[in-house]
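J.: Please find one structure pasted underneath; my questions will follow.
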Amino acid sequence: MDEILIKEAVSAKAPPVTGRKGDRPSYTAQDITVLKGLDPVRQRPGMYIGSTGTRGLHHLIYEVVDNAVDEAMAGFCDRIKVELLADGGCRVSDNGRGIPVDIVSGEGKAAVEVVLTTLHAGGKFGGKGYQVSGGLHGVGVSVVNALSERLQVEVVRDGKLWRQSYSRGRPDAKLKAIKPAKRTGTTVTFWPDPEVFTDEREFKFDTLAQRLREMAFLNRSLEIRLLDYRTQPETAEMFRYTGGITDFVKHLNTAREPVNKRIVYFEAKGESHELEVAMQWTNAYTESVYTFANNINTHEGGMHEEGFRRSLTRVLSAYARNKGLLKEKDGSFSGEDCREGLTAIVSVKLRDPQFEGQTKTKLGNTEIRSFVETSMNQKLADFLEEHPGEARAICIKAMGAQRARLEARKARDLVRRKTLLESSTLPGKLADCQTRDPEEAELYIVEGNSAGGTAKQGRERAFQAILPLRGKILNVERARLAKILENKEVQAIITAVGTGIGEEFDISKCRYHKIISMADADVDGSHIKTLLLTFFFRYMPELVDAGYVYVAQPPLYRIKHKGKVHYFRNDEQLDSYRTANNGSKIEASRFKGLSEMDPSELWDTTLDPEKRALLRVTLDDAALAEEIFSVLMGEDVEARKNFIQRNSKDIRFLDI
């Protein structure tokens, strides 16, 4: 679960335009600007890498790595190395065929230079260079070149080592043969441009490790090494999984108790399609199904996921009926029944993927749906027949989910009759805002009635609503929906948000497009925020995908210095201020909680859109978020202890 710090600002108003022609600025052909080469990338980098912050910075590495992985999928590469250099650069090398170095017809340049300096140029369009690839938009490594202060490419091919360097996307000289060499491969070394990445130019080892681990899972036996020379001694990790996506499922289920000990695995191949599926049911109450197309995480799903879901429900229901486990009076399994507690990886590879949108997060190929469904119908049915013990355990899990679903439906009906879910009656403790425009409205979910009272007085009632929570909400990781709906604090959140929950969820009914968790800056406050995030991740993930979920950043310290009052969110900010003032001993008072602030102080530090800092909660890697929530909020105490021990080195402030 990635959180990005954002600072809100008031947008400037456009200057008025009068109705007289003489008052209007001229607009002629001289005002038309044509951006050539890589200039569009430098002009609008966010269009190509998402942002110029942490996410965009790491995207540069992913683009280069994806090219190497494409070589692996083509069968020409089995080792990739990513090195974080001490001077801030990054080097990615592989033992693939090497980028071609001969002259491209009609371009008058070596192929490697064309690839590095031309948008939409590469070996992935004609179908000959790569049968299957992920980087189908063809802007990858050229974008990295455009956004790097320096870049150097080395290619070992045709018996020679070739080298060329670039400065902000422009070649310093022509490609040159340096010396004889035998092995083939490509090495790209680049240094992100400080003119583009003004705020963040430090690669995060753990962020890269998670992404590279995922790539290694998806490409069986591919070895990916990550080395960090910024530490002494250097930090290193190696990822290589002979079990492929089966090992992926094992990894995700580390903190859960499996229902079927033997992981369901099968693969299928067609004329232009390949499918791999790995599945295991656990004692969890939610599903964890992750789909990939050509190694791209399609977190919005698509046709391959539709085929998987349809077949799973049909095959499990038919097996349970045929074996007498599911009686006629019981009714049929729903898709939710079959997927409760399921962890699954569905990976397809296809020659001509049609992704919906530039983000490439939803697969649109209709033919892949029938291919996946047909393959699943046969392969899953075979597994169930060949492993009757495992099959029975899976069906019993689905039957338990079916009973719980019916109980949850009764619970929802009961709650609805009490006007707590679907009616015009809002929770009594909700201080709603005046606007009815969801795009303007904000909901602050506040820890405690006392802090809630302060927030109600300090807010801007025109667009800010306050919902105080009494204590901590239920840990939804350890409960089914029927139990969750009995919790009054959860009921209040569902009612206030307005979307409903489960089968009835409808994001178009969301009453606020900013839902902000605001808690004390201490351990209890962090726990409350984690419980809320777990709830949204498990039962309202669409709100996270839409960018509606935020975390407030109240100050931890207040100081009076030179006649002014200053606020700081953590020790780092306070120490930085002291350092800037010659290390003078400045006494700081520490807030014990939100309720210690008066309404005007809470407005100035945490509520005012012009001054506050919010963390928007985003979901870049659902599988990683799944792993973290399962470990931290699940039943496995030992797994949670190990996670804390592994990550304790990254804790800079601990309130105990």
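J.: Are there any strands (runs of 3 or more DSSP E) wholly within the range 440-541 with 1 or more residues that are crowded, with 20+ Cβ neighbours inside 10 Å and acidic (Asp, Glu), and if so which?
T.: The qualifying strands (runs of 3 or more DSSP E) are 442-447.
J.: With modelled with pLDDT under 95 and over 32 Å from the mean Cα position of the chain (by Cα) as the only criterion, which of Arg211, Arg201, Arg183, Arg168 stands out? Full working, then the answer.
T.: Values: Arg211 fails: over 32 Å from the mean Cα position of the chain (by Cα); Arg201 fails: over 32 Å from the mean Cα position of the chain (by Cα); Arg168 fails: over 32 Å from the mean Cα position of the chain (by Cα).
Criteria check complete, one pass: Arg183.
J.: For the range 2-115, give me every one of the helices (runs of 4 or more DSSP H) that falls completely inside it and has 2 or more residues that are modelled with pLDDT of 90 or more and either closer than 23 Å to Arg168 by Cα or not assigned by TED's automatic domain parsing to the domain that holds Ser272 (or both). Working first, answer last.
T.: On the way: elements: 39-43, 46-49, 54-73.
Helices (runs of 4 or more DSSP H) meeting the threshold: 54-73.
J.: Please go through the range 218-248 and give me each residue that is in contact (Cβ under 8 Å) with a residue 40 or more places away in the chain and under 14 Å from Ser347 (Cα atoms), ordered by number. Outline the logic, then answer.
T.: Filtering the range 218-248 down to residues in contact (Cβ under 8 Å) with a residue 40 or more places away in the chain leaves 218-219, 221-230, 245, 248.
Once the filter is applied, which keeps residues that are in contact (Cβ under 8 Å) with a residue 40 or more places away in the chain and under 14 Å from Ser347 (Cα atoms), the range 218-248 yields Leu218, Asn219, Ile245, Phe248.
J.: Does any residue of the range 570-581 turn out to be on the phi > 0 side of the Ramachandran plot, of a type in the set (S, T, N, Q) and surrounded by fewer than 15 Cβ atoms within 10 Å (Cβ to Cβ)? Talk me through it step by step, then tell me what you get.
T.: Initially, the range 570-581 is screened for residues on the phi > 0 side of the Ramachandran plot, giving none.
For the range 570-581, residues on the phi > 0 side of the Ramachandran plot, of a type in the set (S, T, N, Q) and surrounded by fewer than 15 Cβ atoms within 10 Å (Cβ to Cβ): absent.
J.: Only one of Gly53, Gly75, Gly88, Gly98 is more than 22 Å from the chain's Cα centre (by Cα), over 22 Å from Glu113 (Cα atoms) and in contact (Cβ under 8 Å) with a residue 60 or more places away in the chain. Can you tell me which? Steps first, answer last, please.
T.: On the way: Gly53 fails: more than 22 Å from the chain's Cα centre (by Cα); Gly75 fails: in contact (Cβ under 8 Å) with a residue 60 or more places away in the chain; Gly98 fails: over 22 Å from Glu113 (Cα atoms).
Being more than 22 Å from the chain's Cα centre (by Cα), over 22 Å from Glu113 (Cα atoms) and in contact (Cβ under 8 Å) with a residue 60 or more places away in the chain holds for just one of Gly53, Gly75, Gly88, Gly98, which is Gly88.
J.: Out of all the residues in the range 304-312, is one or more over 27 Å from Ser334 (Cα atoms) and surrounded by 22 or more Cβ atoms within 10 Å (Cβ to Cβ)? Outline the logic, then answer.
T.: Filtering the range 304-312 down to residues over 27 Å from Ser334 (Cα atoms) leaves none.
Within the range 304-312, none of the residues are over 27 Å from Ser334 (Cα atoms) and surrounded by 22 or more Cβ atoms within 10 Å (Cβ to Cβ).
J.: Same structure, new question: For Thr425, indicate whether it is surrounded by fewer than 17 Cβ atoms within 10 Å (Cβ to Cβ), at pLDDT 95 or above and not acidic (Asp, Glu). Write out each step before concluding.
T.: Details: surrounded by fewer than 17 Cβ atoms within 10 Å (Cβ to Cβ): yes; at pLDDT 95 or above: no; not acidic (Asp, Glu): yes.
The answer is no for Thr425.
J.: Looking at the structure I just gave you, is Asp571 under 27 Å from Ala411 (Cα atoms) and either modelled with pLDDT of 90 or more or not assigned by TED's automatic domain parsing to the domain that holds Thr618 (or both)?
T.: no
J.: Pick out the one residue from Ala177, Ala216 that is surrounded by fewer than 20 Cβ atoms within 10 Å (Cβ to Cβ) and either in the same structural domain as Glu274 (by TED's automatic domain parsing) or closer than 26 Å to Ile99 by Cβ (or both). Explain how you work it out, then say what you get.
T.: Numbers: Ala216 fails: surrounded by fewer than 20 Cβ atoms within 10 Å (Cβ to Cβ).
Every option except Ala177 fails the conditions.
J.: Among the residues in the range 288-295, are any out of contact with any strand residue (DSSP E or B) (no Cβ under 6 Å at 6 or more places or on another chain) and touching a residue at least 24 places away in the same chain (Cβ under 8 Å)?
T.: In the first step, residues of the range 288-295 are kept if they are out of contact with any strand residue (DSSP E or B) (no Cβ under 6 Å at 6 or more places or on another chain); the result is 295.
From the residues that got through so far, the ones that are touching a residue at least 24 places away in the same chain (Cβ under 8 Å) too are 295.
The answer is yes, given that some residue of the range 288-295 is out of contact with any strand residue (DSSP E or B) (no Cβ under 6 Å at 6 or more places or on another chain) and touching a residue at least 24 places away in the same chain (Cβ under 8 Å).
J.: Would you check if there is a residue in the range 159-174 being over 18 Å from Val115 (Cα atoms) and assigned by TED's automatic domain parsing to the domain that holds Ile61?
T.: From the range 159-174, those over 18 Å from Val115 (Cα atoms) are 159-160; that's our starting set.
This time we only want the ones that are assigned by TED's automatic domain parsing to the domain that holds Ile61, so: 159-160.
Scanning the range 159-174, I find at least one residue that is over 18 Å from Val115 (Cα atoms) and assigned by TED's automatic domain parsing to the domain that holds Ile61, so the answer is yes.
Every residue, every condition in (1) charged (D, E, K, R); (2) assigned to a helix (DSSP H, G or I); (3) within 30 Å of Gly301 (Cβ to Cβ); (4) at pLDDT below 80, yes or no:
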{"site": "Glu601", "(1), (2), (3), (4)": "yes, yes, no, no"}
{"site": "Thr605", "(1), (2), (3), (4)": "no, yes, no, no"}
{"site": "Leu632", "(1), (2), (3), (4)": "no, yes, yes, yes"}
{"site": "Glu635", "(1), (2), (3), (4)": "yes, no, yes, yes"}
{"site": "Phe643", "(1), (2), (3), (4)": "no, yes, yes, yes"}
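The values are calculated or read from the model by the stated rules, or taken from the named source; none is laboratory data. Worth saying up front: this structure is predicted, and the values here are computed from it rather than measured. Note that each Cβ is placed from the backbone with ideal geometry, even for glycine, and that neighbours are counted across all protein chains shown.
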